[in-house]
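Only one structure is covered here, and it is reproduced in the block below.
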Amino acid sequence: MKTFISIVTFNLLAPILSDSDDYATYAQSYQPVATTKSFDLTEYASAPNTMYHVKEMDDVETVLGQHGVVCMKDKENFSPYDHIELAKQLGEVEVTKFFKEVPYHPEIALVEKKPTDHAAIGEFLHSDHTYDQTPAALGILVARTVPKKGGDTIFVDMRAAYDQLSPSTKHRIEGMRAYHSSGHVFQEQSWVGRLFVEKASYVNTGKTTTTLHPMVITHPVTGTKSLFVNPAFTIGIEGMGTEESETLLRELYQIAVQQKNLIRFSWKRGDVVIWDNRSVWHLAVNDYEGQHRVMHRVTTKGCTLHDARGRARSEQVEFPTDPLELRRGQTPFELPYVRLLHGTTAACTQNVEGPPIRPWWPEQPSAFGTVLLRAASLMGINVATL
């Protein structure tokens, strides 16, 4: 017996187009006619790992609980309406604060990299919305326009990462909490920063939050334990200094990005991927310079997270210090947060199976650039670029 998700879908009056003017016209004039259709959760495995391997199951929550990530391949006629209705069957739709929306579909976030862009949304390892007190439960991503080569997504199984920790490390961190923040990612860049690093474009950049979450959570559906920190949004550990936090997080991240915990998904137009945001990291590989990539993403609302002992311990707070605050004369590339972000992403892209991935981020500025950054920092200019 194959697995099916039965949802309400719609007859297509026109092909699904990208975010062009044609798409806007199509979306505005489109009048849906409800019909019944079933979508097959295709068995798929891109590497010798069970994260994608979907067999005979009758409940998508069970599939996600066991495998973390599932996919539906080659759904060329999967419309924006289908996307939203599928999300509603899996939970309550959450509208993101920082992404542009797909025209006429505010529930769908537009994840786009234009041929003229250098930075890409989601190009560093993360889980979505962990800066919120109730992080997103599921992510549902649909490929609308894909590059001829590149643009894969890497997923990291954080349940497996927790299982691989030593007993002493598990005991040490199970009662601890970490700070997750959106400010350093979504804030506006300084003019100096734009000279060295291009950031992806976001909206509502002033609406930032910081939240304390347990470092180990008990999954609300499956009851399994998962490591709940990530390089993009985790900026420190409660009760620890900067260096001590960096040391512990590096140890955890190195275990997470071992090859056996990684899956690399190569997209085709129409592919639909669903992942459990509470137990999986993901990263959009930014290796398709000069090409166009358009993805549509819907997330479902999560719930209060409980720690390894079943206690609800998430709360919004003020982080004691800015993770991108520089000492006079220090460059952003020397910040603990940035070192962790770059180092973990580099290890992940080196460890994952498949064609080699070259770093797309500036690992170090040139000697002349370093002099400029140090001089600006000494003058008190904000040169935090990431």
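The values are calculated or read from the model by the stated rules, or taken from the named source; none is laboratory data. Quantities reported herein were computed from a predicted structural model and do not represent experimental measurements. Backbone-built Cβ (ideal geometry, glycine too); neighbour counts: all protein chains shown.
The table that follows gives values for the structure above.
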| read-out | value |
| --- | --- |
| Residue list for the range 257-276, restricted to those being crowded, with 23+ Cβ neighbours inside 10 Å and in a helix (DSSP H, G or I) | Asn261 |
| Filter result (of a type outside the set (D, E, K, R), touching a helix residue (DSSP H, G or I) at 6+ places or on another chain (Cβ under 7 Å) and under 21 Å from Pro214 (Cα atoms)) within the range 241-291 | Thr242, Leu249, Tyr253, Gln254, Ile255, Ala256, Val257, Ser279, Val280, Trp281 |
| Top-ranked residue in the range 327-344 [being assigned to a loop (DSSP other than H, G, I, E, B) and crowded, with 20+ Cβ neighbours inside 10 Å; ranked as modelled with the highest pLDDT] | Leu335 |
| So Lys100, is it in contact with a Leu (Cβ under 6 Å, 6 or more places away or on another chain), closer than 24 Å to Trp281 by Cα and surrounded by fewer than 20 Cβ atoms within 10 Å (Cβ to Cβ) | yes |
| Candidates Thr96, Thr62 - the one that is on the phi < 0 side of the Ramachandran plot, modelled with pLDDT under 85 and in a helix (DSSP H, G or I) | Thr62 |
| Among the residues listed as Ala109, Ala161, the single one being under 25 Å from Ile357 (Cβ atoms), out of contact with any Phe, Trp or Tyr (no Cβ under 8 Å at 6 or more places or on another chain), buried (at least 22 other Cβ atoms within 10 Å of the Cβ) and small (Gly, Ala, Ser) | Ala161 |
| Tally, over the range 124-158, of residues that are touching a helix residue (DSSP H, G or I) at 6+ places or on another chain (Cβ under 7 Å) and in a loop (DSSP other than H, G, I, E, B) | 2 |
| The range 361-379, residues that are assigned to a loop (DSSP other than H, G, I, E, B), surrounded by fewer than 17 Cβ atoms within 10 Å (Cβ to Cβ) and not acidic (Asp, Glu) | Trp361, Pro362, Gln364, Ser366, Met379 |
| Matching residues, the range 212-244, being polar (S, T, N, Q), more than 30 Å from Arg327 (Cα to Cα) and surrounded by fewer than 23 Cβ atoms within 10 Å (Cβ to Cβ) | Thr218, Thr222, Thr224 |
| Flag if Ala161 is at pLDDT 95 or above, of a type outside the set (S, T, N, Q) and assigned to a strand (DSSP E or B) | no |
